[in-house]
Structures are given as C-alpha cells and as structure tokens.
1. Taking all protein chains as present, what is the carbon and sulfur share of the accessible area of the chain, in % to the nearest whole number, probe 1.4 Å?
2. Quick one: among Leu184, Leu290, Leu359, which has the greatest mean-square fluctuation in a GNM of the chain with alpha-carbon springs under 10 angstrom?
3. Any chance you could run the full-extension gain for Ser77 through Arg203? It's 0.36 nm times the residue separation minus the Cα-Cα distance, nm to one decimal.
4. May I have the extent of the alpha carbons of the chain along their three principal axes, as whole Å values ordered from largest to smallest?
5. Taking loop as defined by DSSP and a crowding limit of 15 other beta carbons within 10 Å, which trypsin sites (Lys or Arg not before Pro) in the range 160-210 fit?
6. Among Ile212, Ala279, Asn263, flag the residue with its Cα farthest along the positive direction of the charge dipole of the chain, charges on Cβ as +1 for Lys/Arg and -1 for Asp/Glu.
7. What does the charge dipole of the chain about its Cα centre add up to, to the nearest 20 debye, if the Cβ of each Lys and Arg holds +1 and the Cβ of each Asp and Glu holds -1?
8. Which whole-number percentage describes the relative contact order of the range 51-116, with Cα contacts under 8 Å and a sequence gap of 6 or more?
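The values are calculated or read from the model by the stated rules, or taken from the named source; none is laboratory data. Worth saying up front: this structure is predicted, and the values here are computed from it rather than measured. Quick reminder, even Gly has a Cβ in these numbers, built from the backbone with ideal geometry, and neighbours come from all protein chains shown. Areas reflect the complete protein model, heavy atoms only, side chains present, ligands, DNA and RNA absent. Shrake-Rupley method; radii C 1.70, N 1.55, O 1.52, S 1.80 Å.
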Amino acid sequence: MTTIEPSYSARYYPRLALLAFGLFVVGTNAFVIAGLLPDIAASLDVRPADVSYSITFYAIVVAVAAPAVAILLPRVSRTTLMASGLGLIAVGTVIAAAAPTLGVFTVGRIVAALGGAALVPAATAAAASLAPPVKRGQAIAFVTLGFTLASALGSPLGTALGASGGWQLPLYVVAAMAAVLGVLVAFFLRRVPLGNPVSIAERFAPLRDHRIVVVLGATLFMTAGFNVVYIFSSEITAGATNSNGTLLAVLLLVYGLAGTVGNLGSGFLTDRFGNRRTASAFMIIHFFALVVLPIIDLNYLVTAVVFAVWGLAAFSAVPPLQHRLISIDPAASGIVLSWYTTAMYAGIALAPLLGGAALAVGGAQLVPDVGAGAVLIALVLFQLGYLIRRRTAEPAFAAQVR
C-alpha cells in the first residue's frame, strides 16, 4: 500500500495554498465589480450597465485566451505562466483603479483578464502535478476552493471596503495581493512538472458528442442566469438596502457562504441521488428564487433569506453538471472540463448584455426574471442531453450515475 509521508504532505500543502490564494485573487478581481458598480459608474460619469460591459470583455478574453495559452504555450514553465499572470492582474487592476474614463477602465480589466487566463489553467494543472496520485482529486478541490471563497468572502469584503473607502480601494488591495503573490509563486513554486501537450484535434474532439454540447449549453445559460442578477445586485436590492453598500455586502456574504455550503454538500447528494436528479432539483429551486426576488425586494430580511436560497441552489448545481460531463466521457474528463470553463466564462460574458437589455426595457426588477428565464433554458437543455440518441455505447460508469 502506498503511503504519504507527513513530511511530503507538509511540503506540498503550503504550495497548494499559494495556488488557492491565486484563484482567490482572480475570483475576487472578477466578482468585486458587482458590488461597486454604481460607484464606478458615478465616478466615470456613465451608466452602471456601461460599466457592466467591462465584465463581458473580461470574460470573453479569459474564455478565448485560456485555451489558447494551453495550445500555443504547452512547453512554457507553469511557474512562469502563473507568476506572469499575477503580474498582469496587478498591472491591469491598477490601471482600472486609476482610470479617468470608462475606456481606460476597460483596458485595465482586459489586461487583468489576460493574467487570469494565464494563471487559472496553469494553477489547476499544477495542483494535480504537485500532489501524489492518491491525493490529486483533493488537491484540485483544495485549490479551486479559492475561487469559491472569492464570491463568499472576497467580493463582499471588497464591497464593504468600497463603501468605506471608495471603489478604488478594493481594486488596489487586489492588485497588491496579486503582486506579492506573484513574487511568492516565482520563488516557492519552481520546477512544477509539465503535462503532455494536447493537440487541437484532441481538444475539440469532445464537441462531436451532442450530449456534451447540450450540457455545456446548460452551463452557459445557468451561469448567465445567476451572474445577471449578481452583477446588478446593487440595483436590484436598492429598495431593501436603501443603496447602502455595507448592507449589500452582507447580502453578498450570505449568498456566498450559502453557495459554499451548497457546493461542498452537492457532491454528496450527486453521489447519493445521481447527477440528473441533483442538478434538476437545484436548477428548479434556483429558478423560483429568482422569480421571487423582485416581489420581496423592499424587505431586507426576506431578501437575505432569498439570497441564501439562491446562493445555495446556484452553487449546488455546479458539481452535478461537471459530474454529468465526466460521466459521458471519463477518459477525456480533463479536456471536457476545460470546455466547461470556457462555457462558464461565456455565460459570464452574456450576463451583462442580458442585464443591460433588461434594465433598458423594464428596469432593475426585470433583471431577475431574465435570469430566471436563462436558468429555465439551462434546465431544458440539461434534460435534452438525456434524450439525445447515444452515438456509441455509453460507458458503464455513466450508466451507474444516472
């Protein structure tokens, strides 16, 4: 039996912590804009919807650049990619924080997005390669928890900082964390093993399976559904919070903490009830939470309860969706999950466009209804994936998890 020496564990867990902190910085940098949207818009003399489009640019850059980096730079040291990515995040965030105009602000966000595209895939791959084989799943989960905690803690804390010290303050804090972390990565994460390069044909091969494509479509619309509400949460909850940034930060904290609990518990439910039942149940709860949100928007306590249910449902649907993708083609799970990341960022990119249109047509209270509609589309697509005729015999593992 293979055993893991305590001294070896003591060596790789601190390194995994650096990777998790890196994803926390990336996630906080992406999510914190939601709570600061009105203040940024007022400072740059534009509409909140105009600022939200910078999130679209950010997400599109990550969605396109992340796989491009993996394809074009397979032999570049992961340490170099991660440290350079953190450097770009620091520089881009400083540019955004000091921006006198929306154009400069957007340029800063795009520079930071290039940093995220370099960092996230390299950090996830590094987590798997640094840990021994029997610990790789736990290592990846440990590192990606940093991204989850960004929405649970990073974004609410950033919103609270912005309420007390101006919207630029949390961005400067993120930039400082990225700069310090970049130095630490360069010194303490050297000689990270490289994986085998994946050809372009291999990377696109999973998209020939229509079942995978519809699950990716479900991922895109579900991500758009909760992000369209999250991004415009300051305007949607203005009646309940009286436009108080601290009260909004508490709501985002409730959302994030409930989401973290849901994300952790959903794996158990998926193993117990299967990915189809688990994902479907939480998408239905997600749908109704968004439908209810405009109705109770003037009551802060009830809004907080709905935010908790919403966060729990939104995050709980993620593991069974990923599980479904893996069950369709276990042998290509790594490549398939990279497409999941692309679909997720495509959904983030779509959210501001949907939200801006909803604001223009019906105001802030229409935004949750648009989000609910996107979640409903996701549910339909997810169910469609089980009705599509299988091109080949489904692996035994897939049959067991249905």
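1. On the chain, the fraction of accessible area on carbon and sulfur atoms equals 70 percent.
2. Of Leu184, Leu290, Leu359, the most mobile in the Gaussian network model is Leu184.
3. Details: separation 126, 0.36 × 126 = 45.36 nm, distance 2.05 nm.
Full extension of this stretch gives 43.3 nm more.
4. 60, 50, 39
5. Arg190, Arg191
6. Farthest towards the positive pole: Ile212.
7. It works out to roughly 1340 debye.
8. Details: 65 pairs, mean separation 29.1, N = 66.
So the answer I get is 44 percent.
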